[in-house]
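Asker: Starting off with a structure, shown below.
The values are calculated or read from the model by the stated rules, or taken from the named source; none is laboratory data. Predicted, not measured: the structure shown is a model, and the values here were computed from it. Here Cβ is always computed from backbone atoms with ideal geometry, including for glycine, and neighbour counts include all displayed protein chains.
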Amino acid sequence: MNLHSTEKALLIKKTTDFQPVNQQKGEGIDYKQLLDEYTYAVAHDFNTPLRQIKTYLGLLREDLSHKGLDADSWELMERVLENVERVQKQHKALREYANIGFKDLSLEKISLDGLTVDILRSFQRRYSMNLLCQLEHVSIELDVELLQPIIEALIQNAISFTKEDEIPAVHVYIYEEADKLIWEIKDHGIGFDNRQVLSLFAMFQSLHSSVDVAGVGIGASLALCQRRAERLGIAIRAKARVNEGASFKLIFPRHMIK
């Protein structure tokens with residue numbers, strides 16, 4: 001399904017009866033699909049006014065720059081712009097979150113260890129890190145367009161939450177356990193309270209409010225990971241201790257191994 005071709009239909013649904021197709025056939029309502037459509041439509045409606053607000057603020061700032069504003073006024077202007085940009089990132093993440101539910105899966109056989117190595121190399125070109133890899137060679141069949149951003153976000157997460165003034169320590173493993181395949185990443189960062197693990201995967205809920213991972217808005221990165229994992233049919237798990245690092249696992253069912 002081409003998402004862009006359905007955009008108009010989704011907006012019409014929002015403003016009319018907003019009934020899922022399967023309800024018209026006498027089947028049960030797919031509330032998850034209904035929520036996806038509503039979320040996408042609402043996020044779409046925010047796009048234009050947000051862009052206009054940012055444009056007008058930029059023009060206002062340029063105009064006022066010739067009028068000798070005091071330092072407090074400039075600081076206020078910058079704070080407004082920063083918050084508009086923050087809302088734009090959250091808006092982008094909200095649209096992306098809904099879009100995942102509409103994506104048709106494109107299955108292909110890939111090397112999980114090969115994909116992991118390629119992604120890690122791209123991070124090594126941008127960051128200094130202490131890297132340890134223990135990767136079993138294994139091929140799986142799934143949609144790589146959904147899997148790759150999960151792995152990228154988890155690696156970025158491990159780097160972003162490194163303790164201050166320390167070099168990131170990133171350990172990545174691929175191994176089989178019982179009837180499942182495990183992809184795991186561990187870090188030695190600031191960690192989190194394990195009692196709050198469910199909050200990690202809630203949209204716009206962040207245990208570390210000052211960190212925006214991967215530029216998708218504070219509290220959005222792991223929610224998008226969870227969403228993609230659900231779409232793929234894999235599980236994602238996390239555990240940590242405060243100031244002792246965190247561990248994230250992707251759990252692949254046996255039937256995906258090829």
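Asker: Which residues, taken from region 147-168, are farther than 19 Å from Arg231 by Cβ, free of Cβ contacts under 8 Å to residues at least 60 places away in the same chain and in a helix (DSSP H, G or I)?
Answerer: Ile155, Ile159, Ser160
Asker: Do the conditions hold for Glu141, that is, is it touching a Leu at 6+ places or on another chain (Cβ under 6 Å), surrounded by fewer than 17 Cβ atoms within 10 Å (Cβ to Cβ) and either assigned by TED's automatic domain parsing to the domain that holds Ile251 or not in a loop (DSSP other than H, G, I, E, B) (or both)?
Answerer: yes
Asker: Oh, and also: Taking the stated definitions as given, is Ile190 crowded, with 16+ Cβ neighbours inside 10 Å, modelled with pLDDT of 80 or more and β-branched (Val, Ile, Thr)?
Answerer: Answer is yes for this residue.
Asker: Let me ask you something else. Of all residues in region 93-116 being surrounded by fewer than 13 Cβ atoms within 10 Å (Cβ to Cβ) and out of contact with any Asp or Glu (no Cβ under 6 Å at 6 or more places or on another chain), which is farthest from Arg228 (Cα to Cα)?
Answerer: For region 93-116, the residue satisfying everything is Glu108.
Asker: Moving on to the next point. Would region 43-52 turn up any residue that is among the β-branched types (Val, Ile, Thr) and surrounded by 10 or more Cβ atoms within 10 Å (Cβ to Cβ)?
Answerer: Within region 43-52, not a single residue is among the β-branched types (Val, Ile, Thr) and surrounded by 10 or more Cβ atoms within 10 Å (Cβ to Cβ).
Asker: Please verify whether Arg125 is among the basic types (Lys, Arg), more than 27 Å from Ile100 (Cβ to Cβ) and without any contact (Cβ under 8 Å) to a residue 60 or more places away in the chain, treating the condition exactly as stated.
Answerer: yes
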